[in-house]
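See structure below.
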Amino acid sequence: MSSSEEMYLQYHGILLPRETHSSESLKFARGLKFEDDDVVAVTYPKSGTIWMQEILPLVLNGGDLTPVHTIANWDRVPWLEETRLAKVVDQLKSPRALVTHFPYNLMPRSFHTSKAKVIYVMRNPKDILVSSYYFHQMATFLEDPGTFDEFLDKFLEGRVLFGKWTDHVKSWRRAELGDRILFITYEDMVQDLPAAIRRMSDFLCRNLSEEVIQKIAEHCSFKTMKANSMSNFSLVPKDYMDSDKSPFLRKGIVGDWKNHFSPEQLARFTKGIHKELEGESFSLPWSLETTSRE
Ligand code: PPS
C-alpha cells in the first residue's frame, strides 16, 4: 500500500490528496482573480459540496437544467484548489460558481478584496465522520481509514484531509465578511430543501418564483442526483472510486452516526470537539451529546 506521503501533500499544515491537488493547482488557486459576482460554496469535506454543485448553477441561472444535465459536477462548479480548475476556468459562465474546502486563511488575496459571496455549508461532524469513513474505503486515492475508532481519533487530531473540522468552522467566523457570507446547515437542507434554496436565492439577490424553487429542489433531491450521471461520479473509473464498496451519494440522511458510534466514542468525540471550541463566541446549531435533532 502507498504511504501517506505518496498519497497526500502537506499544504500550510493540512493534508490534500495528490490525485486532485498539486503545487501548481495551489499556486493557481492563490493567484485566481475573484470577480465581485463570483459565488463560492465553502465546505469542510463531506458536508454537502456536490449538493451545492447542483444547487448553485440552478439558483444562478433561474432553474435552467442544461448545465446539470450536460456538465460533470467537478467542471460545472469546480473546486478552487484542485487541478481541474486551470483547465475549465475560462469556460465558466458569469456569474461563476466555485466550491472550496479551504479554510479562510488559505483563500486567495483577490477573494478578500472582491465582493464575492460565500455560502458556508456546515454539517454535524458526527455524520461527517461517518460519511468520510466510507469515502476513504471507496476512494482508492485516499489512505485506508483503519477502524472506525482509529479514524475517529485521526479526525479529532486533524490528521485527515483539510485538517481539523473545528479549525475550519472557526476560520470562517469572520466579522469582516459581514453580509458577504450565508451560513446554512446540511441538516436544514435535508429538512426543508425549498426553504434552504429560498434563503440562498434571497442571499444571491435572485428573484426566483416559488415554482422555480420547487423545480430546483426536486432536481437536487438525493434520489434525482443519485440518478444523474453528471453528478453521481459514475463517470469516474472504478479503480479510482469503487461504488461497489460505497457509493459517493451514500445515504444522504441526518443522524447515520447513531448506527456507528458507541456511547464511549460519542463521549470522546463530544469532549474533543467541545475542547476545541472552548471560548468561541458562536454556538453549534446542534447538540453533540443528545440524540435529538442531530
Ligand atoms: S466531498 O467529497 O467533500 O465533495 O463530499 P460532499 O459532497 O461534501 O459530501 C458528500 C455527502 O453529501 C451527501 N449528499 C446529499 N445528501 C442529501 N441530499 C443530496 N441531494 C445530497 N447530495 C450529496 C452524500 O450522500 C454524502 O453524505 P453521506 O452521509 O455519505 O450519504
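Just so it is clear, none of the values below were taken in a lab; they were calculated from the coordinates. Since the model is a prediction, treat every value here as computed from it, not as a measurement. Don't worry about glycine lacking a Cβ; one is built from the backbone with ideal geometry, like all the others, and counts go over all protein chains shown.
Result for the chain in a Gaussian network model with C-alpha springs under 10 Å: among GLN265, GLN137, GLN91, the largest mean-square fluctuation is at GLN91. Rounded, prolate or oblate: which one fits the stretch 145-235, using the alpha carbon gyration tensor with axes a ≥ b ≥ c (rounded when a/c is under 1.5, else prolate when a/b beats b/c, else oblate)? Since a/c reaches 1.5 but b/c is at least a/b, the shape of the stretch 145-235 is classed as oblate. Here the chain is scanned for chymotrypsin sites (Phe, Trp or Tyr not before Pro) in DSSP loops (not H, G, I, E, B) that have at most 12 other Cβ atoms within 10 Å, and the longest stretch holding none of them is 1-239. Selection among LEU208, GLY178, THR270 by position relative to the dipole of the stretch 138-294 gives LEU208 as farthest towards the positive end (Cβ unit charges, Cα centre).
Computed about the Cα centre, the dipole magnitude for the chain is approximately 420 debye when only Lys and Arg (+1) and Asp and Glu (-1) carry charge, each at its Cβ. Restricting attention to the stretch 3-276, close to 25% of DSSP beta bridges with both partner residues there are antiparallel.
Where the centre of each part is set by its Cα atoms, how far does the stretch 1-72 sit from the stretch 85-101, in angstrom? Taking the Cα centre of each part, the stretch 1-72 and the stretch 85-101 sit 9 Å apart.
Of PRO263, PRO67, PRO145, which is the most mobile in a GNM of the chain whose springs link Cα atoms less than 10 angstrom apart? Judging by the Gaussian network model, the answer is PRO263. Taking each of LYS46/LYS93; LYS170/LYS238; LYS46/LYS245 in turn, the alpha-carbon distance tops 28 angstrom for LYS170/LYS238.
Once each part is reduced to its C-alpha centroid, what is the distance from the stretch 184-250 to the stretch 115-130 in angstrom? So the two Cα centres are separated by 14 Å.
For the chain, modelled as a GNM whose springs connect Cα atoms under 10 angstrom apart, the maximal fluctuation among ALA175, ALA267, ALA139 occurs at ALA175. For the stretch 3-276, the square roots a ≥ b ≥ c of the C-alpha gyration tensor eigenvalues yield an a/c under 1.5, which makes the shape rounded.
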